[in-house]
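Student: One structure coming up, written as structure tokens, with questions to follow.
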Amino acid sequence: MKGDGAMGPNRSKALLEREPRFDDMAVSLLAMPRLPKAMVKETKQAVELARRFNDTVVRPYALELDRKKHEDPDFLPWEFVEEANRWGLYTLCIPTLFGGQGVNFPALSYVLEELGSACTGMSNLVGVHYLGVATLCASWNMRLMNKVMRDTAEGEKTGEPCLISLAITEPGAGTDVEEVDLVSKAQVACQAKKVKGGYVVNGRKIFISNGHLSYWHMLVCYEDLKNPQDTVIMLAIHNGMKGFSFGRQERKMGQKGCPASELIFEDCFVPDDLVCINPAQGKKLKRSMKETHMQVIDYIVAASRAGVGAFGVGVARGAYEEALRFAGETEVDGKLLINHEWAQCMLAEMYKNVAVGRLTYEEANYANDLLGMFKVLEWKPIFYYLKYMPKPIMDKVIQPFLNLGAVTWLFRKIYFDWQKETDYQCSSGWGSLSKFTATDIGVKNGQLALEMMGRAGLRHDRGAEKHLRDSKLLQIYEGTNQLNRLNLFKCLIGRDVPGARVFEE
């Protein structure tokens, strides 16, 4: 990041007098009166479902799964995925328009917090599926959205889980691919060449969460490797396609239960009807492909980083609950640890961290409700229409219209051409704020729990050391916390500061 020289007194005064945009600082205040009241009841029911699932499935299995993955790094937790599928967790927040249950997307963050308080790895086995959903939705290709998400709904009925992953990270390009200004400096190598009837893909993707467990994969690659920022293309890949295969699983320190997979493409042909968005389609929009590329990324990460913030709050809460349980049953100097003032102060600090982290992902979700990916779905007329429309009518009357090109055209107008730059910057900035705040809190609470519990905290059966191991990975994926700090600066600070630049070093 570079400035434009020394700051004179007049410029310094102007900066000090600068007032933040009200839309940036009061997103929740602006969003709340516009949101349907039924969202509260929906969210409460979703949290109750997550708590039952924790008690029945997650807590009894968390440490066992961690041990299994330690002993056999190639083990895949199909049993858990099938159970989550039976509980309806993979269609919970898919809109009824696409065959899902239609619970509002912000409710997912509360669900992920609940699951993460018991096991972040298993929470990720659910949450990262919705990262794939969000990526698909960010293309606003309504025909493909309908096709892929209805496969997930069908998989719930048949008992054969149909998960969706995002494949974006490459061996030579990690965090860089999440910023348009950095992707040109990255060593991207996954290329899609246009051929008659589709594309031929060659390259590898790594660290793909849920890769080995998913059927559909939203693949982000590039037509021109020398000009990736202007030639990004998103393809829908499914298992069994010729030239597509799985490679190794990464050996991880934490969140072992959720596989991080290598995806390999060797002359993999992808037909035109599985193209989510490409430069040719981007030319029909008012912004350049580079700007549209950034819009797509911002839609995805504004939502997904709030979800990672929820993971961070969940693991922070899990560490706090382990420390609280330990303090309530351990005596020090003749009295329970929980009755020592220093322990009470430490527990209060941990509780505060959980509460603050939760507020950040809630505010990020309000930004997505008001300005980002959720804004049409949470508009009251649409929300209640989808909520109360009988399913047979939805499937037989409404669904066929989703295959019309005019519907994709309309949604791309709404979400690309008619969206203000300050809108997607606000939602993206708040997503980043939640991501690095809540995940740093997760690590901090893990450390505090071990500090309070001492040697007991290192025992695998107490769970505290697992929460700390699980928390560290949260600071890395969905963009490192350093990148997210820079994105916050770009979106909410630097845009109004003359001469401020990011990603120039």
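Student: Can you tell me which residue in segment 237-274 is nearest to the chain's Cα centre (by Cα), limited to those that are in a strand (DSSP E or B) and either modelled with pLDDT under 95 or crowded, with 21+ Cβ neighbours inside 10 Å (or both)? Break it down stepwise before answering.
Tutor: First, pick out the residues of segment 237-274 that are in a strand (DSSP E or B): 237-238, 244-249, 260-271.
Applying the additional criterion that residues be either modelled with pLDDT under 95 or crowded, with 21+ Cβ neighbours inside 10 Å (or both) yields 237, 260-261, 263, 265, 268, 270.
Working: 237: 20, 260: 15, 261: 17, 263: 20, 265: 24, 268: 27, 270: 26 Å.
By that ranking, first place goes to 260.
Student: For residue 351, state whether it is at pLDDT 95 or above, of a type in the set (Phe, Trp, Tyr), within 29 Å of the chain's Cα centre (by Cα) and surrounded by fewer than 20 Cβ atoms within 10 Å (Cβ to Cβ). Even if it seems obvious, please write down each step before you answer.
Tutor: Values: at pLDDT 95 or above: yes; of a type in the set (Phe, Trp, Tyr): yes; within 29 Å of the chain's Cα centre (by Cα): yes; surrounded by fewer than 20 Cβ atoms within 10 Å (Cβ to Cβ): yes.
The answer is yes for residue 351.
Student: Let me ask another. Conditions first: (1) closer than 26 Å to residue 61 by Cβ; (2) surrounded by fewer than 24 Cβ atoms within 10 Å (Cβ to Cβ); (3) touching a helix residue (DSSP H, G or I) at 6+ places or on another chain (Cβ under 8 Å). Residue 438 passes all but one, so which condition is the exception?
Tutor: Result: residue 438 fails condition (2) only.
Student: Within segment 145-186, which residues are surrounded by 22 or more Cβ atoms within 10 Å (Cβ to Cβ), of a type in the set (Gly, Ala, Ser) and in contact with a Lys or Arg (Cβ under 8 Å, 6 or more places away or on another chain)?
Tutor: Scanning segment 145-186 gives a single hit, 167.
Student: Please go through segment 354-388 and give me each residue that is free of Cβ contacts under 8 Å to residues at least 60 places away in the same chain and either of a type in the set (Val, Ile, Thr) or buried (at least 24 other Cβ atoms within 10 Å of the Cβ) (or both), ordered by number.
Tutor: Residues satisfying the conditions are 376, 382.
Student: Assigned to a helix (DSSP H, G or I), at pLDDT below 90 and more than 22 Å from the chain's Cα centre (by Cα): is that true of residue 387 in this structure? So that I can check it myself, show each step before the final result.
Tutor: Working: assigned to a helix (DSSP H, G or I): yes; at pLDDT below 90: no; more than 22 Å from the chain's Cα centre (by Cα): yes.
Judged against the criteria, residue 387 is not a match.
Student: Could I ask something else about it? Looking only at segment 34-56, which residues are within 23 Å of the chain's Cα centre (by Cα) and under 29 Å from residue 251 (Cα atoms)?
Tutor: Once the filter is applied, which keeps residues that are within 23 Å of the chain's Cα centre (by Cα) and under 29 Å from residue 251 (Cα atoms), segment 34-56 yields 50, 53, 54.
Student: Has segment 71-82 got at least one residue that is touching a residue at least 60 places away in the same chain (Cβ under 8 Å), of a type in the set (Val, Ile, Thr), more than 23 Å from residue 31 (Cα to Cα) and surrounded by 22 or more Cβ atoms within 10 Å (Cβ to Cβ)?
Tutor: So the first thing to find is which residues in segment 71-82 are touching a residue at least 60 places away in the same chain (Cβ under 8 Å), and the list is 73-74, 76-78, 80-82.
Still in the list and also of a type in the set (Val, Ile, Thr): 81.
Add one more test, that the residue is more than 23 Å from residue 31 (Cα to Cα), and what stays is 81.
After this cut, where a residue has to be surrounded by 22 or more Cβ atoms within 10 Å (Cβ to Cβ) as well, the list is none.
Scanning segment 71-82 turns up no residue that is touching a residue at least 60 places away in the same chain (Cβ under 8 Å), of a type in the set (Val, Ile, Thr), more than 23 Å from residue 31 (Cα to Cα) and surrounded by 22 or more Cβ atoms within 10 Å (Cβ to Cβ).
Student: With (1) under 26 Å from residue 425 (Cα atoms); (2) of a type outside the set (A, V, I, L, M); (3) not assigned by TED's automatic domain parsing to the domain that holds residue 116 as the list, and residue 293 as the residue in question, which single condition is left unmet?
Tutor: (3)
The values are calculated or read from the model by the stated rules, or taken from the named source; none is laboratory data. None of the values given here were measured: they were computed from a predicted structure. A quick note on method: Cβ atoms are made from the backbone with ideal geometry, for glycine too, and the neighbour counts reach across all protein chains shown.
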